[in-house]
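Could you have a look at this structure, given as structure tokens, before my questions?
The values are calculated or read from the model by the stated rules, or taken from the named source; none is laboratory data. In this text the structure is predicted, and so the values were computed from the model without any measurement. Using ideal geometry, Cβ is built from the backbone for each residue, glycine included, and neighbour counts are taken over all protein chains shown.
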Amino acid sequence: MTASLCEYKFINGGTCGKTFKEKVYGTSTYCILHVELPDRSDPKYNDIIYEKIAKVQEKAQKGNFNFEGAKVFEVNFSGKDDIKDLNFTNATIQGGARFDGATIQGSALFDGAKIQKIQGFIEIAWVFNRIIIPRVGEKPGDASFYGATIQGNALFEGATIQGFALFDGAKIQGNALFDGAEIQRDVCFDGAKIQREAWFNGAKILGEIFQCQSTEINGTFLFKDAKFKNMKAQEEACRKAKQTLEHLGRRDEADYHFYREMEAMRKQKKPDISFREAVRRWWRAKDGDSKGEDAGDNSGVSDSSAVKKYVLRYAEYLAEAPIQYVIGYWVKPLRVLEAFALFVVIFGALFWLTDAVQFTFETFLSNLWRISFLWLRDPATLFWRTIFWLTSGQLTADAFLCNLGLFWSNLGSSFLALFDPISSIREAQTQTNTLRGRLTLIAGFIGIFTWPVFIASLAKKYGR
Ligand SMILES: [Zn+2]
């Protein structure tokens, strides 16, 4: 009886068995390459891994680098300069993929691939007097292409790289596409040359660093909706993207990356220690002082101004928030208008509240407190109670409509206060002692700032 052929289905519809005549491994329906990687506790672990390694070498020697969907153990073809097409689409590579200095004459396809690290990997570290001393180590799960040449595209869309993505000095003559990929450590493209596009749209970059300052990219460099765990990495990547896009005259995309660069810079101002830690350092420094020690020498662990620094940095971080969310760093005119609409509604509601019931400032605050407290506790039933309360406890159709009308007219007056701030401020000066007058003043001042910001944003966006 002849063994049956591997049933693994390739993306183009063919099967591994029909294309490569690969026979199944053992009782599986897949060949040795497509059979799952065994668990370490599996008694056949060593056999299967050994056969997988041998099969990869055998295929490579025949010049066949099509490993679509294969599940393999650590591939290393560093320095190999006659790889025609490299295909690891949807493959799983345990322990990393190394192609340092290799030349790939076609494309390097890693779409949907998983490059995984292995923890607790045991290797023979030392053989001494026939005694083997094993060492427990880690195989990093990097995608390593130091100085490699890829004459086609480098495609890593939807791939997961548990280690580093190392492309320093690599030459990619097509596109480098990492859309939707997840890279769990640093990304390095120092001195790399990418002839066409480099895209990381929707990618997740969890490492500390994104090195790309000395990268040459001739096409676009995009990070639309990419998520960065580290803000320094986001700043570096988005700055480079902005510069590349500005050079190409792609303003909208350049603005998007400028916004994300600024966002990253703001978020880095948030103190990286907790308030408790700041107090602890300050306390320790104080303690040290009283004992006559040099507090400044403890490499930042004790710091007499820790609390002050913490508060200042946090204040800066918060103070810049409106510049991001309201003003949109002057590149989002629509954002300014949205904020304006929101202000109209907020001030409309405030004017309404101050009109609907004859409040003093104190009752206004206590009612506001009561209502938000009740809302937090039981929002569903309290929706109607709030309506009752706002209609002075008597929900008649007349009272409701009257207050509704008042709300609309107050929306109108808050719009006016924001739209024509100077005259509304002048008017409010006659009634500054009332709550209404104070509110008008605040609305007026916001209005004064809104319009120049809107016009500046428009000018920045369309005036170049
Ligand atoms: Zn197969």
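Looking at Lys224, Lys232 in this structure, which one is at pLDDT 95 or above and under 18 Å from Gln184 (Cβ atoms)?
Working: Lys224 fails: under 18 Å from Gln184 (Cβ atoms).
After applying the criteria, what remains is Lys232.
Residues Lys267, Lys240, Lys227: which one is among the basic types (Lys, Arg) and under 30 Å from Val307 (Cα atoms)? If you could, list the steps in order and put the result at the bottom.
Values: Lys240 fails: under 30 Å from Val307 (Cα atoms); Lys227 fails: under 30 Å from Val307 (Cα atoms).
After ruling out the rest, the residue left standing is Lys267.
Residue by residue, here is whether (1) within 15 Å of the ligand (Cβ to nearest atom); (2) closer than 18 Å to Lys52 by Cβ; (3) in contact (Cβ under 8 Å) with a residue 24 or more places away in the chain; (4) in contact with a Cys (Cβ under 9 Å, 6 or more places away or on another chain) holds:
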site: Val72; (1), (2), (3), (4): yes, yes, yes, no
site: Asn87; (1), (2), (3), (4): yes, yes, no, no
site: Thr92; (1), (2), (3), (4): yes, yes, yes, no
site: Gly106; (1), (2), (3), (4): no, no, yes, no
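Quick check on my filter: what residues within the stretch 162-191 are under 18 Å from Gln234 (Cα atoms) and not in a loop (DSSP other than H, G, I, E, B)?
Answer for the stretch 162-191, where residues must be under 18 Å from Gln234 (Cα atoms) and not in a loop (DSSP other than H, G, I, E, B): Ala165, Leu166, Leu177, Glu182, Ile183, Val187, Cys188.
Which residues, taken from the stretch 84-128, are aliphatic (A, V, I, L, M) and modelled with pLDDT of 95 or more?
Matches in the stretch 84-128: Leu86, Ala91, Ile93, Ala97, Ala102, Ile104, Ala108, Leu109, Ala113, Ile115.
Looking at Lys204, Lys242, can you tell me which residue is touching a His at 6+ places or on another chain (Cβ under 6 Å) and not polar (S, T, N, Q)?
Criteria check complete, one pass: Lys242.
Collect the residues in the stretch 306-333 that are assigned to a helix (DSSP H, G or I) and basic (Lys, Arg), keeping them in residue-number order.
The first filter runs over the stretch 306-333 and keeps only residues assigned to a helix (DSSP H, G or I), leaving 306-319, 321-325, 328-330, 333.
If the condition is that a residue be assigned to a helix (DSSP H, G or I) and basic (Lys, Arg), then Lys308, Lys309, Arg313 are the ones that fit.
Among (1) outside any helix (DSSP H, G or I); (2) more than 13 Å from the ligand (Cβ to nearest atom), there is one condition Glu7 misses while meeting the rest; what is its number?
Checking Glu7 against (1) outside any helix (DSSP H, G or I); (2) more than 13 Å from the ligand (Cβ to nearest atom), the one that fails is (2).
Just to be sure I understand, how many residues within the stretch 10-28 are within 21 Å of Gly112 (Cβ to Cβ) and within 12 Å of the ligand (Cβ to nearest atom)?
Residues of the stretch 10-28 that are within 21 Å of Gly112 (Cβ to Cβ), as a first pass: 10-16, 19-20, 22.
Still in the running and within 12 Å of the ligand (Cβ to nearest atom): 10, 14-16, 19-20, 22.
Qualifying residue count for the region: 7.
If you don't mind, another one. Could you identify the single residue in Ile209, Ile217 that is closer than 20 Å to Asp168 by Cβ, out of contact with any Pro (no Cβ under 7 Å at 6 or more places or on another chain) and crowded, with 20+ Cβ neighbours inside 10 Å? Break it down into steps so the answer makes sense when it comes.
On the way: Ile209 fails: crowded, with 20+ Cβ neighbours inside 10 Å.
Of the residues listed, the single one that is closer than 20 Å to Asp168 by Cβ, out of contact with any Pro (no Cβ under 7 Å at 6 or more places or on another chain) and crowded, with 20+ Cβ neighbours inside 10 Å is Ile217.
Continuing with the same structure: Check the stretch 410-427 and report whether any residue there is in the same structural domain as Ala341 (by TED's automatic domain parsing), at pLDDT below 65 and assigned to a helix (DSSP H, G or I). Quick ask: steps written out before the conclusion?
First, the residues of the stretch 410-427 that are in the same structural domain as Ala341 (by TED's automatic domain parsing): 410-427.
Still in the running and at pLDDT below 65: none.
For the stretch 410-427, residues in the same structural domain as Ala341 (by TED's automatic domain parsing), at pLDDT below 65 and assigned to a helix (DSSP H, G or I): absent.
On to the next question. Checking the condition surrounded by fewer than 21 Cβ atoms within 10 Å (Cβ to Cβ) and of a type outside the set (Asp, Glu), which residue from Leu5, Leu33 passes? Steps first, please.
On the way: Leu33 fails: surrounded by fewer than 21 Cβ atoms within 10 Å (Cβ to Cβ).
Matching residue, one of Leu5, Leu33: Leu5.
Given the conditions (1) more than 22 Å from Ala143 (Cβ to Cβ); (2) of a type in the set (D, E, K, R); (3) assigned to a loop (DSSP other than H, G, I, E, B), and given that Glu68 satisfies all but one, which numbered condition is not satisfied?
Evaluating Glu68 over (1) more than 22 Å from Ala143 (Cβ to Cβ); (2) of a type in the set (D, E, K, R); (3) assigned to a loop (DSSP other than H, G, I, E, B) leaves (1) as the failure.
From the list Gly13, Gly63, Gly101, Gly79, which residue is part of a loop (DSSP other than H, G, I, E, B), out of contact with any Asp or Glu (no Cβ under 6 Å at 6 or more places or on another chain) and not assigned by TED's automatic domain parsing to the domain that holds Ile150? Give the derivation first.
Working: Gly63 fails: not assigned by TED's automatic domain parsing to the domain that holds Ile150; Gly101 fails: not assigned by TED's automatic domain parsing to the domain that holds Ile150; Gly79 fails: not assigned by TED's automatic domain parsing to the domain that holds Ile150.
One residue alone meets the criteria, Gly13.
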